[in-house]
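Written below as structure tokens is the structure these notes are about.
A short reminder: the numbers here are calculations on the coordinates, not readings from a lab. For clarity, every value in this text was computed on a predicted model and none was experimentally measured. Please note: Cβ atoms are built from the backbone with ideal geometry, for glycine as well, and neighbour counts cover all protein chains shown.
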Amino acid sequence: MATLEHTDMPGEDTGDGVRRRDFINIAAVSFAGAGAATVLLPLINQMNPSADVLALASIEVDLSAIKEGQAIKTIFRKQPLFVRHLTAAEIAAADKVDPSSLRDPQTLEQRTVGGHKQWLITMGVCTHLGCVPLGAGEGEIKGEFGGYFCPCHGSVYDTAARIRKGPAPKNLEVPKYAFKSDTVVQVG
Amino acid sequence: MSFPWANHYAPKHSLTKWLDERLPLPRLVYNAVGAGYPVPRNLNYFWNFGVLSGAALGIQIVTGIILAMHYAANAGVAFDSVEHIMRDVNSGWMLRYAHATGASFFFIVVYLHIFRGLFYGSYKAPREMVWLLGLVIFLLMMATAFMGYVLPWGQMSFWGAKVITGLFSAIPVVGTPIQTWLLGGFAPDNAALNRFFSLHYLLPFVIAGVIVLHIWALHIPGSSNPTGIEVKGPQDTVPFHPYYTAKDGFGLGVFLILYCLVLFYAPNYLGHPDNYIPANPLSTPAHIVPEWYFWPFYAILRAFTVDFILPAKLWGVLAMFGSILLLFFLPWLDKSPVRSGNYRPAFKKFFWLLVIDVLILGYCGGSPAEEPFVMISQLAAAYYFAHFLIILPIVSRMERPLPLPNSITEAVLEGKSGATLSTSTQG
């Protein structure tokens, strides 16, 4: 038995400093833990949009057929996109509002691109809980501010698609887009 | 575990003896839900709903596994495969209606089970863990039911998925990436449908696992009873089998009759006709409502209409999750040492007010988001939180409870077993 007691490394039972066994323990568990965390990453990341979903993330829209006062619904990233040709009266109505009085202060200029103020391009996704607001289709209710009206929880948007009334926190989202010519826009 | 006078398992047949020495499974069952589990002798019919919840889960698992043999979780064909089940699969209509109606009945019995726990103070020491595990089961049930409702890929399925995952977008900064991550896209589509199906199949078995823990935690102190006083001796209990297996069997019969009445005569009564329209990402139904069992929580979600420090949307989401998380603290909010509501005159009045309040919330949650329902749900939601955070702690401190019987047996012999859910203050 006496020989067994002397197989321990010197300094192991003195009580001070790091014991060799503790070090091995911590190192082994940390190594395995880091490995497990690395494996976890792809398990979580697989839930993000896949390549084929992302591949549909850019579209081109032809504006030539949209008359003044008309709007179309198209699909961008599997969600409705509203493209609206504003009338002069609608632009005036949007410009008349003092932005500082709004919940999400923005002017019509900030929500359109320079030189194309009549083209209001927004997501057709209510910023409250994601319903499709009415107002883009022929004969749909446009709400009391002449823009869009969400029937789910009663959010009302104006002619610049800014939130004016109801539970939605933000204006309808303006996606990234650029005019490729006077009548073609690339969204996304 | 259990009381010292519990019956002991003694296998007589050589085969059961052989099995008992190698895998004592019959012994486990005997001690858990057999003659080896002593139960207070004065349980009323409100104590049936635990077993009924288990039966409802059983129905859901059996019908669900069969439905999964015929259903296709692909956004292109999911709706048609459900119609295929309804029209072509032998008895498919019955299995699907049994599953859909079964979900509603599962919630009915679970809500009554929770009601029982709230009135008779079953959440109090030493049964806090039973209550907490029950709430975990409830949350898992809600997640499972929500994902199951998405699978038919009708209009309500699609927009339900959009609105509920949209709740996560209310979280500041990381909200929208979380929603995209949950859906695997920018809107509900094939990726979302597939993962919902996978999880909808998995979660019921997780629920079954937590039920095992729920029952395990229950059997440490043993079942509570309508008087709320502790078991004092063998005269206060009867063996679970045959006494409560018989009583639960009777309750199960009544449950199945009611279930079959709805299943065969009004299978769509609790559903929504819009879900028979295939999902259309470009058109939102005019009136989106969740299934009836989510209405009270949906009313709380919609009750917030004004920004106050945080956006109204975030308040709604926090309040909705908070209304359930609050229940996790209930054992420590209600400090009264008396468990049963029958002996708590003030508590009893506020308890019934809470029940009415939740029913009002449910009614508002199922109504369109317009006045007067918005204002009523605001008041009702405020009262819901006030009940748990203000009224209950104060009542449990101020109230003078009625005298308790000396023992369960004494209460039974005097005809005051507390077995009735009395509304008088006499207990």
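Could you work out Rg/(2.2 N^0.38 Å) for the protein assembly as shown, with Rg from alpha carbons only? Present the calculation step by step, with values, prior to reporting the outcome.
On the way: Rg = 30.0 Å, N = 615, 2.2 N^0.38 = 25.2 Å.
That works out to 1.19 for the protein assembly as shown.
Using only Cα atoms and rounding to the nearest 10 degrees, what angle (0 to 90) does helix A:20-45 make with the longest principal axis of chain A?
20
Work out, in µm²/s and without decimals, the Stokes-Einstein translational diffusion coefficient of the stretch A:37-188 at 10 °C, 1.306 mPa s, Rh from Kirkwood over C-alpha pairs. Before the final figure, lay out each step's value.
On the way: Rh = 16.4 Å.
D = 97 µm²/s.
As a quick test, which of the pairs A:Lys73/A:Lys117; B:Lys232/B:Lys348; A:Lys96/A:Lys142; A:Lys67/A:Lys180; B:Lys124/B:Lys232; A:Lys73/B:Lys162 have an alpha carbon distance above 21 angstrom in this structure?
Numbers: A:Lys73/A:Lys117 19 Å; B:Lys232/B:Lys348 26 Å; A:Lys96/A:Lys142 18 Å; A:Lys67/A:Lys180 19 Å; B:Lys124/B:Lys232 18 Å; A:Lys73/B:Lys162 18 Å.
Beyond 21 Å: B:Lys232/B:Lys348.
I want to verify a result. In a Gaussian network model of chain B, Cα cutoff 10 Å, which of these has the top mean-square fluctuation: B:Pro226, B:Pro38, B:Pro393?
B:Pro393
Quick check: net charge around B:Gly121, other residues with Cβ under 14 Å of its Cβ, Lys/Arg +1 and Asp/Glu -1?
Numbers: positive: B:Arg116, B:Lys124, B:Arg127, B:Lys335, B:Arg339, B:Arg344, B:Lys348; negative: B:Glu128, B:Glu230, B:Asp334, B:Glu399.
So the surrounding residues net to +3.
Once R0 is set to 22 Å, what does the formula 1/(1 + (r/R0)^6) return for the Cβ-Cβ distance between A:Gln186 and A:Ile66, expressed as a FRET efficiency to the nearest 0.05?
E(calc), rounded to 0.05, equals 0.85.
What full-extension length gain, to one decimal in nm, is calculated for B:Phe308 and B:His8 as 0.36 nm per residue of separation minus the Cα-Cα distance?
Numbers: separation 300, 0.36 × 300 = 108.00 nm, distance 6.19 nm.
So the chain would gain 101.8 nm between B:Phe308 and B:His8.
If r is the Cβ-Cβ distance from B:Ala208 to B:His287 and R0 is 30 Å, what FRET efficiency results, to the nearest 0.05?
Plugging the Cβ-Cβ distance into 1/(1 + (r/R0)^6) gives 0.25.
If we count every other residue with Cβ under 13 angstrom of B:Phe255's Cβ, Lys/Arg +1 and Asp/Glu -1, where does the sum land? Display every interim value, and only then the final one.
On the way: positive: B:Lys247; negative: B:Asp248.
My count for the surroundings of B:Phe255 gives 0.
Lys and Arg at +1, Asp and Glu at -1: add these up for the other residues within a Cβ distance under 15 Å of B:Thr284 and post the number.
On the way: positive: A:Lys73, A:Lys78, B:Lys162; negative: A:Glu140, B:Asp274.
Its environment carries a net charge of +1.
Modelling each spin label as a point 7 Å along the Cα-to-Cβ direction, I'd like the B:Ala68/B:Trp93 distance in nm, to one decimal.
Using points 7 Å along Cα→Cβ, the separation is 2.7 nm.
Going by a ≥ b ≥ c, the root eigenvalues of the Cα gyration tensor, does the stretch B:32-413 fall in the rounded group (a/c under 1.5), the prolate group (a/b larger than b/c) or the oblate group? Write down the numbers at each step before the final one.
Working: a/c = 2.18, a/b = 1.36, b/c = 1.60.
The shape class here is oblate.
At 27 angstrom or more along the helix axis (alpha-carbon based) and mean Kyte-Doolittle of -0.5 or higher, what helices does chain B contain? Whole DSSP H runs only.
Working: long enough: B:49-68 (28 Å, 1.97); B:92-119 (40 Å, 1.02); B:128-150 (34 Å, 1.99); B:190-219 (44 Å, 1.28); B:245-265 (29 Å, 1.56); B:345-365 (30 Å, 1.40).
For chain B, where a helix must reach 27 Å along its axis and average at least -0.5, the hits are B:49-68, B:92-119, B:128-150, B:190-219, B:245-265, B:345-365.
Would you work out which of B:Pro126, A:Val29, B:Ile211 lies farthest towards the positive end of the dipole of the protein assembly as shown? Charges go on Cβ: Lys and Arg +1, Asp and Glu -1.
B:Pro126
With Rg and the Kirkwood Rh both taken from Cα atoms, where does Rg over Rh land for the stretch B:1-96?
On the way: Rg = 21.6 Å, Rh = 17.6 Å.
Result: Rg/Rh = 1.23.
Set the Förster radius R0 to 45 Å, insert the Cβ-Cβ distance between B:Tyr276 and B:Trp352 as r into 1/(1 + (r/R0)^6), and round the FRET efficiency to 0.05. Spell out each step's value before the answer.
Values: r = 39 Å, r/R0 = 0.86.
Taking R0 as 45 Å, the efficiency between B:Tyr276 and B:Trp352 is 0.70.
Treat each spin label as a single point 7 Å out from the Cα along the C-beta direction, and report the B:Leu402 to A:Ala32 distance in nm.
5.8
For the protein assembly as shown, which cysteines have no disulfide-compatible partner, meaning no other cysteine Cβ under 4.7 Å?
Those would be B:Cys260, B:Cys364, since no other cysteine Cβ in the protein assembly as shown comes under 4.7 Å of theirs.
Does a label point 7 Å from the Cα of B:Leu258, set along Cα-to-beta-carbon, have any residues of the stretch B:351-386 with amide nitrogen under 11 Å, and which are they?
Counting only backbone N, you get no residues.
Among A:Asp22, B:Asp236, B:Asp334, which comes first, then next, by fewest other beta-carbon atoms within 10 Å? Spell out each step's value before the answer.
Details: A:Asp22 11, B:Asp236 23, B:Asp334 20.
Ordered by Cβ neighbours within 10 Å, fewest first: A:Asp22, B:Asp334, B:Asp236.
Would you please report the Å³ per residue occupied by the convex hull of the alpha carbon atoms in the stretch B:267-350?
For the stretch B:267-350, the hull spanned by Cα atoms encloses 194 Å³ per residue.
Classify the stretch B:123-238: rounded, prolate or oblate, from the alpha-carbon gyration tensor (a ≥ b ≥ c, eigenvalue square roots; a/c under 1.5 rounded; otherwise prolate if a/b is larger than b/c)?
prolate
Within a 10 angstrom radius of each residue's Cβ in A:162-170, how many Cβ atoms of other chains show up on average? Whole number is fine. List each step's numbers first, then the result.
On the way: counts 0, 0, 0, 1, 3, 13, 3, 8, 2.
Going residue by residue through A:162-170 and averaging, the value is 3.
Rounding to the nearest 20 debye, state how big the charge dipole of the protein assembly as shown is about its Cα centre with +1 on each Lys and Arg Cβ and -1 on each Asp and Glu Cβ.
Details: 43 positive and 41 negative charges, 219 e Å.
That gives the protein assembly as shown a dipole magnitude of about 1060 debye.
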